[in-house]
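Here's the structure, in structure tokens; my notes come after.
The values are calculated or read from the model by the stated rules, or taken from the named source; none is laboratory data. Everything numeric in this text was worked out from a predicted model, so none of it was measured. Here the Cβ positions follow ideal geometry from the backbone for every residue, glycine too, while neighbour counts run over all protein chains shown. With ligands, DNA and RNA removed, areas are computed over all heavy atoms of the protein, side chains included. Shrake-Rupley method; radii C 1.70, N 1.55, O 1.52, S 1.80 Å.
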Amino acid sequence: MISMEPQKSVNPSRPPARVHIETWGCQMNVADSERMLALMKLQDFQLAESEQEADLIILNTCHIREKAKHKVMSRLGILRQLKDKNPGLMIAVAGCVAQAEGRKLMEEAPVIDILLGPGKIQELPSLVADFRRNRGKQIATGFMKTAEAKAIDFVIPLPLEGKNEVSRYVNIQQGCNNFCTFCVVPFTRGREISSPADTIKEQVNAYVASGAREITLLGQNVNSYGLDLVETGALAPSEGPFVDLLREVAEIPELRRLRFTSSNPHDFTKPLADLFKEIPKLGKYIHLPVQSGSDRILTVMKRKVTVAEYWERLAWLKNAVPDMAVSTDLIVGFPGETDDDFQKTYELVEKAQFTFIYSFKYSPRKGTAAARFRDQVDETNMVKRLAALNALQDRITIKQNEAEIGQTRRVLFHYASQKDPQVYYGKTEHFRPVRIKSGRDMIGKEVDVHILDANKTALEGTLVCEAV
Ligand code: 5AD
Ligand code: SF4
């Protein structure tokens, strides 16, 4: 059930408290922050305009790559000065660093009043209330049990400051079962738990009613959505529960675009690729992380797909939509990666012609299998490989963007520039950012744009038809 109005705890004699949330890391964290904000609003907290006027500051942290804890500690050092001036200030650390470090983090940083892992977001209001009732520091970590996850009284998350309301995220799955050897996510977010399809549809409907036109369904491994529900008998087996979910959500009439991330090639099926042909709302873009172009490295990463199988999935997609745009994630310098392995990654990027890549230097994460591998690659080599890969991708992206000049593209507009309200930003079906100038309100509109110019980061265009 989505609940807009759970029980409030209002104290009329107290001025409204204000909350400020800082969000680091992935889209999942953005979705979690929006939920925390909504939960606190139900407790009559208001959004603080700045951290200086906040009564509660929440750091929603990310643990995926290097110096995660270090970044949190240095931010806490600055917040301690704020707390010295305002002893009533409550400081909460949420997210994956909170889960991974737990009580130890609280001991090292006594400025933290409340610590909660990503599986305990629902408990935020009671943790805050207990802290305010002088019940001492509050800690809630650990993973949600399936039953708990099902019983969650979902609230409609609120957009964070500066986030547009046209494009919203809906979390459809917690955790991950894959245990890729480099990845900390199964340790910080636990095993996969899928949300019931009805709850997801209710949430999408609520967003659409409030003006959203694009929804991105989020999970660490969305392609395996619902497999746990099939196992428990809550869903009947079919072409795949994720395929079924996409079909159902896409039927919502006002929804213009439906996206999903992140896909794992291992669980990516042909029926899912074919869906891009069947449902135009899915657009012509997908993010499909490959991580490496070397089979040897993919095996040690436990990705469970070969490079050939990755190409097979790209072929399914191109078969469904010939001009499909694909982006990917890549890690350079995974333990044992030789020049030859890296060359294979380089060649894959050259051949695949991705629209863009997210490329990372490998960072050992405590608790993961790869952190214990002995043949770690030295930093100089990693930096060199990363730079080579990024330079290659920059050339590809520029070439692709320049080829857009002269084309007419369907663009959904998300928001206006704060400096110049006549400047609007949107995305093509291929997920390329577009900027136009218009005297009309373009927010939430999907229209044809004639592309006039391009650079590495965006396209520039003009409306084909001013009469929208
Ligand atoms: N080191 C470097 N990159 C990582 N990623 C995940 N874990 C690590 C790590 N230990 C990257 C992967 C993943 C993306 C979200 O972050 O490429 O797809
Ligand atoms: Fe991490 Fe692999 Fe799960 Fe993605 S699929 S969250 S990389 S373990």
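Remarks
- Scanning the range 301-355 for residues that are among the small types (G, A, S) and within 18 Å of T269 (Cα to Cα) gives A308, A315, A320, A325, S327.
- Any helices (runs of 4 or more DSSP H) falling wholly within the range 176-236 and containing at least 3 residues that are within 16 Å of ligand 2 (Cβ to nearest atom): 185-188
- Contact map, the range 370-394: residues that are closer than 16 Å to E66 by Cβ paired with residues that are open to solvent by 60 Å² or more (accessible area, probe 1.4 Å), Cβ distance under 8 Å, separation 6+ or inter-chain. Pairs shown: A370/P364; A371/P364; Q376/P364.
- The residue that is most open to solvent (accessible area, probe 1.4 Å), counting only those in the range 342-371 that are part of a helix (DSSP H, G or I) and within 15 Å of ligand 2 (Cβ to nearest atom), is A371.
- Filter pass, V230 being of a type in the set (V, I, T), open to solvent by 30 Å² or more (accessible area, probe 1.4 Å), over 24 Å from L317 (Cβ atoms) and away from ligand 1 (no atom under 16 Å from the Cβ): yes
- Within the range 264-292, the set of residues being assigned to a loop (DSSP other than H, G, I, E, B) and among the aliphatic types (A, V, I, L, M) comprises I279, L288, V290.
- Taking the range 260-278 as the range and being under 19 Å from K201 (Cβ atoms) and either more than 16 Å from ligand 1 (Cβ to nearest atom) or among the acidic types (D, E) (or both) as the test, the residues that pass are L272, L275, E278.
- K302 being open to solvent by 20 Å² or more (accessible area, probe 1.4 Å), within 16 Å of ligand 1 (Cβ to nearest atom), under 23 Å from the mean Cα position of the chain (by Cα) and at pLDDT 95 or above: yes
- Breaking point among (1) within 16 Å of ligand 1 (Cβ to nearest atom); (2) among the polar types (S, T, N, Q); (3) open to solvent by 60 Å² or more (accessible area, probe 1.4 Å), for N223: (3)
- Note on the range 447-468: residues that are crowded, with 18+ Cβ neighbours inside 10 Å and within 20 Å of R259 (Cβ to Cβ) amount to 3.
- Cβ pairs under 6 Å, 6+ apart, first in the range 429-457 and part of a strand (DSSP E or B), second of a type in the set (F, W, Y): R435/Y425; I436/Y424
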